[in-house]
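Step one of this worksheet: look at the structure below.
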Amino acid sequence: MKLHIVIVEPDETRARLVIDSLLPLGHQVTVIGEGAGLARRVREIAPDIVLIDMANPSRDTLEEMALAAGPMDRPVAFFVDRTDGDLTRQAIEAGVSAYVIDGLQPDRVAAVMDAAIARFQMFQRMRRELETTRRALEERKLIDRAKGIVMKARGVSEEEAYALMRKTAMDQGRKVADVAGAIVTAAGLLS
Amino acid sequence: MNSAPLRIGFVPLLDMAPLAIAHELGFAQAEGLALELRPAPSWSSLRDMLLWGQVEAAHILAPLPVAMALGLGGAVARVDILQNLSMNGVVIGVSTALADALRAAGHGFGFDDAHRAAADLARVAPARLRIGVPFPFSTQAALVDYWLRHTPLSWDLCTIPPPRMAEALAAGEIDAFCVGEPWGSLAVETGAGALLLPSRAIWAAAPEKVLAARHDWVGDNPERTASLMRAVWRAGKWLCDRGNRQVASELLARPDYVNAPVDLLDRALRGEMVLSARGELRKVSGMIRFHEGAATFPWRSQAAWFASVLAARHGLDAAAAMASAKAICRTELYRRNLRGVGADLPGASEKLEGALEHPTAVASERGAMILPADRFFDGHIFDPEAH
């Protein structure tokens, strides 16, 4: 029997990647983007499994729905209640939560979760790399601004300004970016 | 000594302040602890991080460990309450449209009368009021239900993570909200709504967030637990000093903590609330407490109150639920670990809730404990032994 899986994911590219990993298992997959109507849409679709990024703030909406499931609704059980601990731990570390319909066979859930976990681990790597790049870019901008301030204040060349900042950083056991930050803040206060 | 950082989860809110202060002002370091504070986007994610060991301890909604103790909402491990982090600090707000209707109906926005606010709201509210709360197991959900249960109003509670509350109000997803600061004030600032009441107009001394940890972790790490409790307690005491408020707001405003404007954080810390874009100012004493009035003691009677509310909502046996809730309040650890740092310790670990009309001196080890007024707006007194 085919399972119907819902992915709650506003980013189309990411949603597509999760779909690609689940389709080979022969299941039907529907994507719901962000939105106020999340709970209503999930109810209408009545899926067997809902997958959502743990970092998605809409997750609490699903939580509420799972708690509120009345006798007329399809029973929604928590994934964490039903499957083995290792799988759950891996899922949480990968940043994905799953809501699973009560009574679904554990091995069927496990196959879906294995595929989803692999995908979300990849997302986490990508997110970390993006964060590292972003931080490097910000530090670079900060250092450039501080260099400009030092050049103007001391009447030195760009190379000399950078050398001064690097020496200060080494003397104080700090990062050049931290020294640059202090210069920019101080300049802002004194101007 | 174990030097690995202690990971503590939090949801961005003013009342996570004791953790940020313990970390930033060296109270943790003085205990030989390195803290790693990890923000969570939602309460369910934070709960899972705590249950599955991604964090050792957490800043968590007071009723949430109680719900877990009752087996509600996917609990897989016992979580204990080590101490309370904050008291009050919550506001109820309405959309600009509802605020206008309330004004037209003569509501004066006195910001202190829960009876009046409910009665006036009942005259102008839509057939079913949609009220945003941060989580099904929250002080906010419990207080809204308690406040409105004997009114003609019909309402639905909608779960919305605190930082999103103002946005949800502006988008018309909800008509009103009950949320921790500064997210209520953000709705005022963005013009989405107006504040109607502080939560303390419903329950004058409501426990809000607690410091919670897994029961097995606490058992395996008595020293780290004690160090953490002392550092956090000292941070709460520091926050109690008026002179420190400005520094606290500046620190908390940072992106890695609450990520909100300094002056919004300042409002609840000072107890000077701006109600709407019109600029009405209301002073609220005890708007949020981190220390004074035994705010950090994990009263078993407060856990029992939440248990009685949850038992009624989910059809559980009230007496059994209250007994389970009391058992997770580690009052004995509080006494053992904080006696040495100067914390005053109450003679009892539970009390009648709602019995104090005025601040009242009670028996304590140092004889100097003054409990704040703690009345419920309807005058009800909750006896944790009565069921």
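The values are calculated or read from the model by the stated rules, or taken from the named source; none is laboratory data. This structure is a prediction, so every number in the text was calculated from the model and none was measured. Counting neighbours? That spans all protein chains shown, and the Cβs are built from the backbone with ideal geometry, glycine included.
Overview of values
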{"item": "Tabulated pairs, the range B:235-248, first assigned by TED's automatic domain parsing to the domain that holds B:Leu338, second surrounded by fewer than 15 Cβ atoms within 10 Å (Cβ to Cβ) and not in a helix (DSSP H, G or I), C-beta under 9 angstrom, 6+ apart or interchain", "result": "B:Lys237/B:Gly342"}
{"item": "Some residue of the range A:2-22 being touching a helix residue (DSSP H, G or I) at 6+ places or on another chain (Cβ under 8 Å), of a type in the set (Ser, Thr, Tyr) and surrounded by fewer than 17 Cβ atoms within 10 Å (Cβ to Cβ)", "result": "no"}
{"item": "Positions within the range A:44-58 being within 7 Å of chain B (Cβ to nearest Cβ) and either without any contact (Cβ under 8 Å) to a residue 40 or more places away in the chain or buried (at least 24 other Cβ atoms within 10 Å of the Cβ) (or both), in sequence order", "result": "A:Pro57"}
{"item": "Pair list, Cβ < 7 Å and 6+ apart or interchain, from the range B:23-52 residues that are touching a residue at least 40 places away in the same chain (Cβ under 8 Å) and within 14 Å of another protein chain (Cβ to nearest Cβ) to residues that are part of a strand (DSSP E or B) and buried (at least 22 other Cβ atoms within 10 Å of the Cβ)", "result": "B:Pro39/B:Phe10; B:Trp43/B:Leu61; B:Met49/B:Gly9; B:Leu50/B:Gly9; B:Leu50/B:Ala58; B:Leu50/B:Val79; B:Leu50/B:Ala212"}
{"item": "Condition met for A:Arg134 (among the basic types (Lys, Arg) and more than 14 Å from every other protein chain (Cβ to nearest Cβ))", "result": "no"}
{"item": "Filter result (modelled with pLDDT under 85 and not acidic (Asp, Glu)) within the range A:27-40", "result": "A:Gly35, A:Ala36, A:Gly37, A:Leu38, A:Ala39, A:Arg40"}
{"item": "Subset of the range B:324-359 [crowded, with 18+ Cβ neighbours inside 10 Å, touching a Ser or Thr at 6+ places or on another chain (Cβ under 9 Å) and not in a loop (DSSP other than H, G, I, E, B)]", "result": "B:Ala325, B:Lys326, B:Cys329, B:Thr331, B:Leu333, B:Tyr334, B:Asn337, B:Leu338, B:Pro346, B:Glu353"}
{"item": "Residues of the range B:113-144 classified as farther than 15 Å from B:Ile92 by Cβ and within 14 Å of chain A (Cβ to nearest Cβ), total", "result": "3"}
{"item": "Candidate set: the range B:155-170, residues that are assigned to a helix (DSSP H, G or I) and farther than 26 Å from B:Ala248 by Cα; chosen: the one nearest to the other protein chains (Cβ to nearest Cβ)", "result": "B:Ala168"}
{"item": "Residue within the range B:145-154 that is more than 13 Å from every other protein chain (Cβ to nearest Cβ), under 18 Å from the mean Cα position of the chain (by Cα), buried (at least 24 other Cβ atoms within 10 Å of the Cβ) and within 13 Å of B:Val90 (Cβ to Cβ) present", "result": "yes"}
{"item": "Subset of the range B:252-267 (residues that are charged (D, E, K, R) and part of a loop (DSSP other than H, G, I, E, B))", "result": "B:Arg254, B:Asp256"}
{"item": "Odd one out for B:Glu173 among (1) among the acidic types (Asp, Glu); (2) closer than 19 Å to B:Ala101 by Cα; (3) more than 14 Å from chain A (Cβ to nearest Cβ)", "result": "(3)"}
{"item": "Evaluation of B:Val218 against (1) within 14 Å of chain A (Cβ to nearest Cβ); (2) in contact with a helix residue (DSSP H, G or I) (Cβ under 7 Å, 6 or more places away or on another chain); (3) in a helix (DSSP H, G or I) (one fails), failing number", "result": "(1)"}
{"item": "Test: A:Thr61 is out of contact with any Cys (no Cβ under 7 Å at 6 or more places or on another chain), buried (at least 21 other Cβ atoms within 10 Å of the Cβ) and of a type in the set (Ser, Thr, Tyr)", "result": "yes"}
{"item": "Boolean, A:Arg128 is at pLDDT 80 or above and over 24 Å from A:Glu34 (Cα atoms)", "result": "no"}
{"item": "Per-region count, the range B:175-201, residues surrounded by fewer than 24 Cβ atoms within 10 Å (Cβ to Cβ) and either touching an Asp or Glu at 6+ places or on another chain (Cβ under 8 Å) or without any contact (Cβ under 8 Å) to a residue 60 or more places away in the chain (or both)", "result": "3"}
{"item": "Output for the range B:271-323, where each listed residue is in a loop (DSSP other than H, G, I, E, B) and among the polar types (S, T, N, Q)", "result": "B:Ser276, B:Ser285, B:Thr296"}
{"item": "Inter-residue pairs, beta-carbon under 8 Å, first in contact (Cβ under 8 Å) with a residue 24 or more places away in the chain and farther than 23 Å from B:Gly236 by Cα and in the range B:317-340, second of a type in the set (Asp, Glu) and surrounded by 14 or more Cβ atoms within 10 Å (Cβ to Cβ), 6+ apart", "result": "B:Lys326/B:Glu350"}
{"item": "Lone unmet requirement of (1) at pLDDT 90 or above; (2) out of contact with any Gly (no Cβ under 6 Å at 6 or more places or on another chain) for B:Gly74", "result": "(1)"}
{"item": "The range A:78-105 residues that are within 9 Å of chain B (Cβ to nearest Cβ) and within 14 Å of A:Ile117 (Cα to Cα), paired with ones that are in a helix (DSSP H, G or I) and at pLDDT below 75 (beta carbon under 6 Å, 6 or more apart)", "result": "A:Thr88/A:Val80"}
{"item": "Scan of the range B:56-78 for residues that are within 11 Å of chain A (Cβ to nearest Cβ) and over 16 Å from the mean Cα position of the chain (by Cα), ordered by number", "result": "B:Gly71, B:Leu72, B:Gly73, B:Gly74, B:Ala75, B:Val76, B:Ala77"}
